[in-house]
Amino acid sequence: MSYSFWIILTGALVASSCALLGCFLVLRKMSMIGDAISHAVLPGIVIAFLISGSRSSLPMLIGAALVGVFTTFLIEFISKKAKMQNDAAIGLVFTFLFAVGIIMLTLFADKMDLDADCVLHGEILFIPLDILTTGTFVDIVPRKIWILFIVFIIVIIALRIGYKGFLITTFDPSYAVSVGISAVLWHYVLMTLVSLVTVVSFESVGAILVVAFLVVPAASAYLLTDNLVRMLLIAVGVGVLSSILGYFLAKWLDSSIPGSMTATLGILFLISFLLAPKYGLLPRKLLRKKA
Amino acid sequence: MIVQVENPVLEVHDLTVSYDKNPVLWNVDFSIPKGKLVGIIGPNGAGKSTMLKSVMGLVDKQSGYVKVFNKDLDEVREQISYVPQRESVDWDFPASVLDVVLMGRYGRRGLFKRITKEDKAIAMASLEKVNMQDYAKRQIAQLSGGQQQRVFIARSLAQQANLYLMDEPFAGVDASAESSILNLLQEMRAEEKTIMVVHHDLQSAYEYFDWVILLNMRLVASGPKEEVFTPELLQETYGGKLTLLDSLSNFIRQKEFPIKG
C-alpha cells in the first residue's frame with residue numbers, strides 16, 4: 001500500500017469518528033466541549049505515557065479518556081457551584097489542564113518522544129512508518145491505523161446500540177428523565193466516546209484541529225438534511241472527502257497535511273452554507289424572490 | 001382551603017423545593033382525585049412548573065414526598081406521563097413528527113429493543129387523536145406552535161399512561177388549537193384519565209377545569225373549582241401583583257354575572 005493511501009486513510013478515520021460524535025455535540029449545543037476535552041487530555045496523556053512508556057498503548061488511551069471525562073465533570077461542577085457561565089467554566093478548566101500538561105511535557109521531555117509540537121499539530125507524516133512487527137498480516141497496516149480503526153468501530157457500535165438513548169437525551173433531556181432514562185448517564189457515555197476519539201486523533205492531526213473535525217462536518221451536514229441518520233452519514237462523507245481533497249491540496253501547495261484537510265473542511269462548509277438546497281443562503285434568496 | 005381526597009391518584013406531601021437556597025415551593029401538601037381535569041393556577045414565578053418537575057423527579061426536593069397511585073414514582077413510572085413546555089426543546093432538531101412521537105414508546109419498550117410495528121401503530125393512533133396523522137413524515141421545524149404542542153401531547157399519549165402532567169399546553173397556541181386540545185383533554189377525562197395542567201389564564205381556567213390548585217410558592221387552595229374560585233382565595237394567590245388586579249376584578253365581576261352557564 002502506498003504512503004499517500006495510509007495518510008488519507010488516517011485522515012478519513014479520524015474525520016469519520018469525529019464527525020459522528022460531532023453531530024451529537026452540535027445538536028446538544030456543546031461543540032466547545034470537544035475543544036476543551038482535546039486540550040485537557042494532555043496531562044492524562046503525559047502521565048499515561050510516563051507509566052506505560054508508549055504512545056499508543058491501551059493504558060494510555062484509558063488514562064487520557066478518563067481525564068477527558070473528568071474535565072467535563074469539572075466544567076459542570078464549577079459552572080454550577082461557582083454560578084459561572086458554562087463557557088467561562090470551559091475556558092477556565094481546559095486551559096488550566098492544558099497548561100499543566102505542557103509543564104509536565106517540558107519537565108519530562110528527555111524521558112519521552114513526545115513534544116509540544118506533536119501535541120499541537122500532530123505528526124500524520126510519521127504514521128505510515130510505525131509498523132507492528134508480529135510477523136503476521138497485521139504488519140501490513142500501520143499500528144496507528146489499527147487503533148484508529150478499532151476506535152471507529154467502537155464509535156459505530158456505541159451509536160448503533162445507543163442510538164435511541166442519544167436521540168432522546170439530546171432532543172429532550174427532561175422528557176427522557178421523566179420516562180426513566182438517565183440523561184446524565186448518556187451524557188457521560190458521549191463524553192467518554194469523545195475523549196477516546198480525541199485522544200487517538202490528536203497524534204495525527206493535533207489538539208487544535210481535532211475540534212474542526214468534531215464540529216465542521218456536523219455543522220455542514222446539519223444544513224444539508226432534516227434527518228438525523230442522514231446527518232450522521234453526510235457528516236462522515238464530508239469528513240472523508242475533506243481528508244482526500246485536503247491531502248492533495250497539501251501536496252500541491254507543499255504544505256501541512258492536517259492544515260489543508262481542515263481548510264478543505266472549511267471550504268466544504270462554506271459550499272453547503274451557500275448552496276444547501278433548503279437552508280443555504282443562495283437557494284433561500286432565490287425562493288424569496290420567487291415568492 | 002385544601003380538600004384532601006380518599007385514594008388519591010397523586011399525593012404531594014409537605015413538598016419544599018429551593019433553587020440555590022431560595023425557596024420556590026414551600027410546604028405544598030395536596031391530593032388529587034381520579035378522572036379529573038386539574039388546573040394549577042398562579043402568578044408567574046409561583047412554582048407551577050417546578051411542582052410538575054418535582055413530581056417527575058426532575059428537580060431535587062428539599063423535603064416532602066410524592067406518591068403516585070399510592071406508590072413511589074419509580075414503581076409506577078409507566079402510569080404517568082409528562083409533557084414539558086414546548087419552548088424547552090429545539091424545534092430545528094433533525095427529526096420528523098413520527099420520530100418524536102415514537103419517543104413516547106422508549107420508556108415501555110426499553111432503549112435497546114427495536115421499535116416494533118405495534119409501537120408505530122400506537123404512535124400513529126396517538127397522532128390521529130390530536131388530528132396530526134397527515135403530518136407524520138413532516139420535519140418538526142415546519143410546524144406551527146399549536147402543531148408542536150399537539151405533537152408533544154401525541155408523544156405523551158403514546159405512553160398510554162393514566163396520569164398526565166402538562167406544562168402550559170395552552171401557551172402560545174391559537175384559538176382553534178386551544179379548543180382542539182381542550183376537547184382532547186375532555187375525551188381523556190371521559191376515559192377516566194387524570195390530567196393536571198399548568199395554566200396561566202385565569203379567565204379560561206374556571207371554564208376548563210374541574211379541580212383547581214391555587215399556588216403562589218405556598219399552596220393557597222386545592223379543591224373543586226366551585227369552592228376554590230372565591231374572590232378571597234384568588235386575591236390571596238395574586239395579591240400584591242397590581243398588574244393582575246384589573247383582570248382579577250374583571251373575572252370576579254364575570255363570575256357574579258355569568259355569561260355562560
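Structure above, values below:
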| read-out | value |
| --- | --- |
| Output for the stretch B:120-142, where each listed residue is within 12 Å of another protein chain (Cβ to nearest Cβ) and under 25 Å from B:GLU168 (Cβ atoms) | B:ARG138, B:GLN139, B:ILE140, B:ALA141, B:GLN142 |
| In the stretch A:207-259, the residues that are within 25 Å of A:PHE98 (Cα to Cα), part of a helix (DSSP H, G or I) and either more than 16 Å from the chain's Cα centre (by Cα) or among the polar types (S, T, N, Q) (or both) | A:ILE257 |
| Exclusive hit being assigned to a helix (DSSP H, G or I), farther than 18 Å from A:VAL210 by Cα and not aromatic (Phe, Trp, Tyr), set A:ILE90, A:ILE103 | A:ILE103 |
| Residue in the stretch A:152-186 that is farthest from the other protein chains (Cβ to nearest Cβ), counting only those that are surrounded by 22 or more Cβ atoms within 10 Å (Cβ to Cβ) and among the polar types (S, T, N, Q) | A:THR169 |
| Which listed residue, of B:LYS113, B:LYS117, is surrounded by fewer than 20 Cβ atoms within 10 Å (Cβ to Cβ) and either at the interface with another protein chain (Cβ under 10 Å from one of its Cβ atoms) or within 24 Å of B:MET56 (Cβ to Cβ) (or both) | B:LYS113 |
| Residues of the stretch B:168-202 satisfying the condition of being part of a loop (DSSP other than H, G, I, E, B) and either within 13 Å of the chain's Cα centre (by Cα) or among the charged types (D, E, K, R) (or both) | B:GLU168, B:PRO169, B:PHE170, B:ALA171, B:ASP174, B:GLU191, B:GLU192, B:LYS193, B:HIS200, B:ASP201 |
| Matching residues in the stretch B:8-23 - criterion: being outside any loop (DSSP other than H, G, I, E, B), surrounded by fewer than 20 Cβ atoms within 10 Å (Cβ to Cβ) and more than 14 Å from chain A (Cβ to nearest Cβ) | B:GLU11, B:HIS13, B:ASP14, B:THR16, B:SER18, B:PRO23 |
| Matching option when the condition is among the basic types (Lys, Arg) and surrounded by fewer than 17 Cβ atoms within 10 Å (Cβ to Cβ), among A:LYS83, A:LYS144 | A:LYS83 |
| Filter result for A:SER242 (touching a residue at least 12 places away in the same chain (Cβ under 8 Å) and within 14 Å of another protein chain (Cβ to nearest Cβ)) | no |
| Condition met for B:SER31 (over 23 Å from B:GLU207 (Cα atoms) and of a type in the set (Ser, Thr, Tyr)) | no |
| Condition met for B:LEU73 (surrounded by fewer than 20 Cβ atoms within 10 Å (Cβ to Cβ) and of a type in the set (A, V, I, L, M)) | yes |
| Search result, residues across the stretch A:188-219 that are within 13 Å of chain B (Cβ to nearest Cβ) and surrounded by 24 or more Cβ atoms within 10 Å (Cβ to Cβ) | A:ALA218 |
| Matching residues in the stretch B:84-103 - criterion: being in a helix (DSSP H, G or I) and more than 8 Å from every other protein chain (Cβ to nearest Cβ) | B:ARG86, B:GLU87, B:VAL97, B:LEU98, B:VAL101, B:LEU102 |
| Any hit, the stretch A:99-113, residues being surrounded by 12 or more Cβ atoms within 10 Å (Cβ to Cβ), within 21 Å of the chain's Cα centre (by Cα) and modelled with pLDDT of 90 or more | yes |
| Failed item in (1) at pLDDT 95 or above; (2) within 14 Å of chain B (Cβ to nearest Cβ), with A:GLY237 passing the rest | (2) |
| Counted residues, the stretch B:51-83 - those being in a loop (DSSP other than H, G, I, E, B), away from chain A (no Cβ under 12 Å), over 23 Å from B:GLU192 (Cα atoms) and not acidic (Asp, Glu) | 2 |
| All positions within the stretch B:125-146 that are surrounded by fewer than 18 Cβ atoms within 10 Å (Cβ to Cβ) and in a helix (DSSP H, G or I) | B:ALA125, B:GLU128, B:LYS129, B:GLN133, B:ASP134, B:ALA141, B:GLN142, B:GLY145 |
| Flag if B:MET103 is in contact with a strand residue (DSSP E or B) (Cβ under 8 Å, 6 or more places away or on another chain) and aliphatic (A, V, I, L, M) | no |
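A quick yes/no check of all residues on (1) free of Cβ contacts under 8 Å to residues at least 24 places away in the same chain; (2) in contact with a Lys or Arg (Cβ under 7 Å, 6 or more places away or on another chain):
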residue: B:ASP92; (1), (2): no, no
residue: B:ALA95; (1), (2): no, no
residue: B:MET103; (1), (2): no, yes
residue: B:TYR106; (1), (2): yes, yes
residue: B:LYS120; (1), (2): yes, no
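The values are calculated or read from the model by the stated rules, or taken from the named source; none is laboratory data. Remember, predicted model here, so these are calculated numbers, not experimental data. Note: ideal-geometry Cβ built from the backbone for every residue, glycine included; neighbour counts use all protein chains shown.
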